[in-house]
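Structure, as structure tokens:
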Amino acid sequence: MKSFLISLVTAAILLSAPAFAQTAVEPAANPDKLFTSPDPQLNANKQVVYRIIRDLLEANHWDQAPEYIAEDYIQHNPNAADGLKAVVDFFTQVLKVKPTPIPETISFPVVEVMAEGDLVTVISRRKAVGPNGQYTTAWFDTWRIRNGKAVEHWDPALMNEAPDLSK
């Protein structure tokens, strides 16, 4: 009887715990390769996004932002306002990032890059902590590229959620 009760309690505990059967999100072995395309326009658009990630988001060279971001940039992240100046101020004044040397390649954990028309979407790994400990999930950033610059950006950020650039 005692072993039956122990088995019953153990089963109840296991059944009440949330399931954790997710396959981990892993970055691509060579993310730089994902930022190319045989189509010249898609390749050019992917290269703009690559430079945004490498030069701006990773190395924090926000003085170079006018090369990659349009003056009338539309931002759908609820933590940053529209416009080139607003996005630069968000990183330099709010987050207070400091420039570091621009790397030869990105270290951002890119999983996939998709380009269609004027849109480039980057799926990356994001680490999070849940009731069962640390896990990974997918994050996305999508940019609209026109005339060689980002004119619009989307991501799934929530209000007052600082970006985790170490993803």
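The values are calculated or read from the model by the stated rules, or taken from the named source; none is laboratory data. Because the structure is predicted, anything quoted here is derived from the model rather than measured. Because the Cβ atoms are built from the backbone with ideal geometry, glycine has one as well, and the counts that use them run over all protein chains shown. Heavy atoms of the whole protein, side chains included, go into the accessibility calculation; ligands, DNA and RNA do not. Shrake-Rupley method; radii C 1.70, N 1.55, O 1.52, S 1.80 Å.
Laid out as a table, the results:
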| read-out | value |
| --- | --- |
| Segment 13-167 - accessible surface per residue (Å², probe 1.4 Å) | 56 |
| Listed peptides 30-42, 133-145 by packing density, highest first (mean Cβ within 10 Å) | 133-145, 30-42 |
